[in-house]
Amino acid sequence: MDLQSLKLFKAATTKMDWAAQRQKVLSQNISNADTPDYKPKDLKKLDFRNVLRDEIAPVHVARTNPNHLKGTIPEQDPFRSRTLMKSFEESPDGNEVVLEEQMQKVGDTRSEYNTAVQLMQSNMKMLKMALGKGGGG
C-alpha cells in the first residue's frame, strides 16, 4: 500500500518536509549571527489549509428542504494571516539576526514537525486496526 496515495499522509509529509527545510534555513541564520550585513531568511509559512484544499474535495452543505435555515457560519476567514513585525534590533555591523527570535522559530518549527509525525502515527494505528493487524502498542 502506497501511503502517499492517501491524502492525509501526503499532507502530513508535505508539512514535515517544509519543517525540515525551515530548520536548515533557521540554522543558517543562527550560524551567521556574527556575519556583517547578514539578513536572516525564512521560508514562506506553509498554509496547511491550502494544502488540504488542493488535496481534499470540498464538502458543500445541501439544503434538502427550502424551509431549512441557511446557516450562521460567518464568511470571513478566522485564520487570516498576520504580518510579522520587523525586528528593530540590529548590530553595529548591519547584521539583523536576533538569536532569541531564531531560537523561538526553531522551537515552533519543531512543534509543527512533531504534530505532523503524531498525526501520521495515529492514522497508521487506525489503518492497522482497520486491517485487523492490531493498532495497539
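Surrounded by fewer than 15 Cβ atoms within 10 Å (Cβ to Cβ), in a helix (DSSP H, G or I), at pLDDT 90 or above and out of contact with any helix residue (DSSP H, G or I) (no Cβ under 9 Å at 6 or more places or on another chain) - does that describe any residue in segment 39-56?
For segment 39-56, residues surrounded by fewer than 15 Cβ atoms within 10 Å (Cβ to Cβ), in a helix (DSSP H, G or I), at pLDDT 90 or above and out of contact with any helix residue (DSSP H, G or I) (no Cβ under 9 Å at 6 or more places or on another chain): absent.
For segment 104-135, which positions are under 30 Å from LEU26 (Cβ atoms) and of a type in the set (D, E, K, R)?
Across segment 104-135, the qualifying residues are LYS105, ASP108, ARG110, GLU112.
Taking PRO36 as the residue in question, decide whether it is modelled with pLDDT under 85 and not acidic (Asp, Glu).
It is false that PRO36 is modelled with pLDDT under 85 and not acidic (Asp, Glu).
Taking the options GLN118, GLN76, GLN104, name whichever one is assigned to a loop (DSSP other than H, G, I, E, B) and either at pLDDT below 85 or surrounded by 11 or more Cβ atoms within 10 Å (Cβ to Cβ) (or both).
None of the others qualify; the one that does is GLN76.
The values are calculated or read from the model by the stated rules, or taken from the named source; none is laboratory data. What you see is a predicted model, and the numbers here were worked out from it, not measured in a lab. So basically every Cβ, Gly included, is an ideal-geometry build from the backbone, and we count neighbours across all protein chains shown.
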